[in-house]
Number of protein chains: 2
Amino acid sequence: MTWLDIPAGHPFGVATLPYGVFSTPADPHPRAGVAIGDWIIDLPSAVRRLEPSLAGAVAGPSLDALLAAGPRVWAAVRAALTTWVTDEVYRDLLGGHLVPARDAILHLPFTVADYVDFYASEQHATNLGRMFRPGQEPLLPNWKHLPVGYHGRAGTVVVSGTEIVRPSGQRGAGVFGPSQRLDIEAELGFVVGVPSRLGAPVAADRFADHVFGVCLVNDWSARDIQSWEYVPLGPFLGKSFATSISPWIVPLAALDHARVAPPPRTVPVQPYLDDAALGPWGLDIGFEVRLNGQVISRPPFAGMYWTGAQMLAHLTANGASLRTGDLYASGTVSGPEPDQRGSLIELSWNGDDPVKLPDGSVRAFLADGDEVTITATAPGPDGAVIGLGEVTGRVVPRG
Amino acid sequence: MTWLDIPAGHPFGVATLPYGVFSTPADPHPRAGVAIGDWIIDLPSAVRRLEPSLAGAVAGPSLDALLAAGPRVWAAVRAALTTWVTDEVYRDLLGGHLVPARDAILHLPFTVADYVDFYASEQHATNLGRMFRPGQEPLLPNWKHLPVGYHGRAGTVVVSGTEIVRPSGQRGAGVFGPSQRLDIEAELGFVVGVPSRLGAPVAADRFADHVFGVCLVNDWSARDIQSWEYVPLGPFLGKSFATSISPWIVPLAALDHARVAPPPRTVPVQPYLDDAALGPWGLDIGFEVRLNGQVISRPPFAGMYWTGAQMLAHLTANGASLRTGDLYASGTVSGPEPDQRGSLIELSWNGDDPVKLPDGSVRAFLADGDEVTITATAPGPDGAVIGLGEVTGRVVPRG
């Protein structure tokens, strides 16, 4: 299948081909790369040599040009990459453009335009409703009618590996200090490539014409800051201190075999949210959340109530335009089982039932020094694994 | 005072000198300009000729370089401009760099990074609390402890004059269509120039080191969409379809004479929000809101409970970083009198008491074809008027 030496089941096999931005000590200019096995293809140099007509789309210090280039170029670049890594003829030709992944520094892969965070897991929304509005209907009346979402801070989206400084803030009337309830949210992010015009909604069936691919998101959350500040205008400083994303963007084309029907909608949706005509855009992506190396949760994305196509249609239904680099995230991925919850506030049930880790440590929320790593995989063709890589971050006290 | 022919009381006299981006039919490249009377100084060409050491700071198709250049350069550019327009020696030298304002097309003056909207008027928050939570305390418990705010959509910030397409959206369960309650919010926007480091809060007394100046903001709002969607994560599509800003950014230096003490704080604030050491950063800016040419409100900014310096300190208290081009707005400016309210939902008391205009028309909310224009002025030195220009927009139905 490939002339490269890649172990079977490697998350970055020939069916994944995710895009990122890297540099090396020998060449410190950030540039586009494609992960294959334990190598990175230096994309600008490889394309200049092997497919110069596509050089403009992969130039520059980020993926921005590629994102903006649109689906025909995305398909052409992926087709060329697939040929290079599978056709023995390219062994020598591509060889000079491969960099060992262990030598690379990975950068934020694109310029984040607007960042929107949704709330698309019924289990997550239900768990939070049960905790914070006990005795009431856990889902609010709008939840099954529209994908609830809000804007977050684009300027504090950081690449995996960036240290997370524990935020300080008001935790109640007259109380200010470091957050005592620092949490994670394991999410999937959708990366917009092709912009749209102000005043012109994007229909759900145009999803793959605008969205380039997906990444992993850890939407770090300070629950104590958030709970005091969030009425009536929503989360602000409880979220805006940092949002980490994985360095590798997996193109939608790599997720063809992961497409599954989303859960049945139990309430009819407006026509603009009807994505049935698209074929299913639920995604069978399995998440794994590790705290200091120990698995604490395995949230299944396949159970998310709202799909990425529906989120896109909703986001633009009022005529809001898209820009290249818009990032919208799914909200916390939580499944129905206790060990499928994508946040500590759920895993520890608002802190009442702290998580016991195999090493004997106990956590309701994050301690300084804790490292959280989220990984995910999806099924590929012929039994291949499509890896989404990882998003990781370590909590440090403010210096 | 100036060799230019400028009528006394002109809002763009020698004490204002606001910055914008313009082009002309003869030279369609957008570039920085400074408004003076009914002219625009072509800033890059004037600086290259008269003060070439500052050329880098005013180059490019936007104000981005100037914003990033920081307070010493801001002061140097303003000092040079002041000399040119007041010293007779420059009559001939500057003359060739003046463009009649009527010939200019005005553009979005800077690249909006993140957009944050606050809620800093006690009268506005109280009015909305009375309407939506009758019989309860109108202000929520957090309101006097922190400047409540949230992130809006940066990608749909548009320059004054851009047509506003009436948004469609869900107005309740099973109801989708054009908003029936389209509204305005008259606000002041603060434009950030100098970035800050992630994890490092910006103290209130660093306000003028980071903030370049102010503009007028109309935060168009679809009240029916907003009221259905906004729990629990805040406004989203009810706001994100468009936010208009004035084309002229008035530097903080022009507002020295407008600085006044904000209203007494009736609840003690956390040290990070204490801006008393700064000297006052309340601003005596008088707004005027016109609907189809008829004044419907005169909101006074001087009564705003939270200052721009406090908003900045709050925005970064959790370590969130600033970027050049961040825009944060005050929230609706409303005074204590009925004719000082900065939104139609307040002026018409949730639609129950529609506004009667001098021309006989009646409005609870905006009709298609309506044009809203917000202007504002502040006191300058020696009786001068500092004009903030205007932000205007006309509502059109979706085509």
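Set the Förster distance to 22 Å, then compute FRET efficiency between A:VAL385 and A:ALA75 from the Cβ-Cβ distance, nearest 0.05.
0.50
Going 7 Å from Cα along the Cα-Cβ axis for the label, what nanometre distances separate A:THR86 from the same residue across the other copies?
Nearest to farthest, the other copies are at 7.3 nm.
Thinking of chain B as a set of Cα atoms, what percent of all their pairs are more than 42 Å apart?
Numbers: 8484 of 79401 pairs.
Cα-Cα pairs in chain B separated by more than 42 Å: 11 percent.
Just which residue of chain B brings its Cβ nearest the axis of rotation onto chain A, and by how many angstrom, rounded whole?
B:GLY234, 1
Can you pull the mean other chain C-beta count within 10 Å for peptide B:162-170?
Partner Cβ neighbours, averaged per residue: 5.
Show me B:292-304, A:223-235 ranked by packing, highest mean number of other Cβ atoms within 10 Å first.
Ranking, from highest mean packing down: A:223-235, B:292-304.
If I model a spin label at A:MET131 and A:SER361 as a point 7 Å from the Cα along the Cα→Cβ vector, what separation in nanometres do I get?
Simple spin-label model gives 2.0 nm for this pair.
If the viscosity is 0.890 mPa s and the temperature 25 °C, what Stokes-Einstein diffusion coefficient in µm²/s follows for region B:19-107 when Rh is the Kirkwood radius over Cα pairs?
Estimated via Stokes-Einstein, D reaches 189 µm²/s.
Cut-off 10 angstrom, C-alpha nodes, Gaussian network model of chain A. Which of A:HIS107, A:HIS145, A:HIS97 fluctuates the most?
A:HIS145
Send over the Kirkwood Rh of region B:193-295, from the inverse of the averaged 1/r over different Cα pairs, rounded to one decimal Å.
About 17.2 Å for region B:193-295.
7 Å along Cα→Cβ for the label point: how many nanometres lie between A:LEU357 and each equivalent label in the other copies, listed shortest first?
In nanometres, ordered from closest: 6.3.
Leaving ligands, DNA and RNA out of it, work out the accessible area of A:GLU185 with a 1.4 Å probe and give it in Å² to the nearest 10.
Answer for A:GLU185: close to 10 Å² accessible.
Mind ordering A:128-141, B:372-385 by average Cβ neighbours within 10 Å, highest first?
Peptide ranking by packing, descending: B:372-385, A:128-141.
Binning at 20 Å from 0, report for the protein assembly as shown what percent of all alpha-carbon pair distances ends up in each bin.
Reading upward from the zero bin: 16, 48, 31, 5, 0.
Cβ neighbours within 10 Å, averaged per peptide: list A:29-42, B:314-327 in order, most packed at the top.
Packing order, densest peptide first, comes out as B:314-327, A:29-42.
When Cβ neighbours within 10 Å are restricted to other protein chains, what is their mean count per residue of peptide B:311-318?
Mean partner shielding for this stretch: 5.
Heavy-atom accessible area of B:LYS239 with all protein chains present, probe 1.4 Å, nearest 10 Å²?
20
Output, in nm with one decimal and in ascending order, the distances from the B:PHE132 label point to the matching label points of the other copies (7 Å from Cα along Cα-to-Cβ).
Spacings between copies for this position, smallest first, are 1.5 nm.
Once you keep just the Cα pairs under 8 angstrom separated by 6 or more residues, what percentage relative contact order results for region A:19-107?
38
For A:SER361, B:SER244, write out the residues from largest to smallest accessible area, computed with a 1.4 angstrom probe and no ligands counted.
The ordering from most to least exposed comes out as A:SER361, B:SER244.
Could you tell me the convex hull volume per residue, in Å³, taken over the Cα atoms of region A:124-209?
Dividing the Cα hull volume of region A:124-209 by its residue count gives 201 Å³.
Averaged over peptide A:116-125, how many Cβ atoms belonging to another chain are found within 10 Å of each residue's Cβ?
Average per residue, whole number: 1.
Between B:ASP103 and A:THR83, how many nm apart are label points set 7 Å from Cα along the C-beta direction?
Result: 5.4 nm between the two label points.
Take the alpha-carbon centre of region B:297-354, take the same for region B:1-64, and report the distance between them in whole Å.
So the separation of the two Cα centres works out to 29 Å.
Using only Cα atoms, locate the centre of region A:198-247 and the centre of region B:379-398, then give the distance between them in Å, rounded to an integer.
When both Cα centres are located, 33 Å separates them.
The values are calculated or read from the model by the stated rules, or taken from the named source; none is laboratory data. This structure is a prediction, so every number in the text was calculated from the model and none was measured. Note that we place each Cβ from the backbone using ideal geometry, even for glycine, and neighbour counts take in every protein chain shown. Keep in mind that these areas ignore ligands, DNA and RNA; they rest on the heavy atoms of the full protein, side chains included. Shrake-Rupley method; radii C 1.70, N 1.55, O 1.52, S 1.80 Å.
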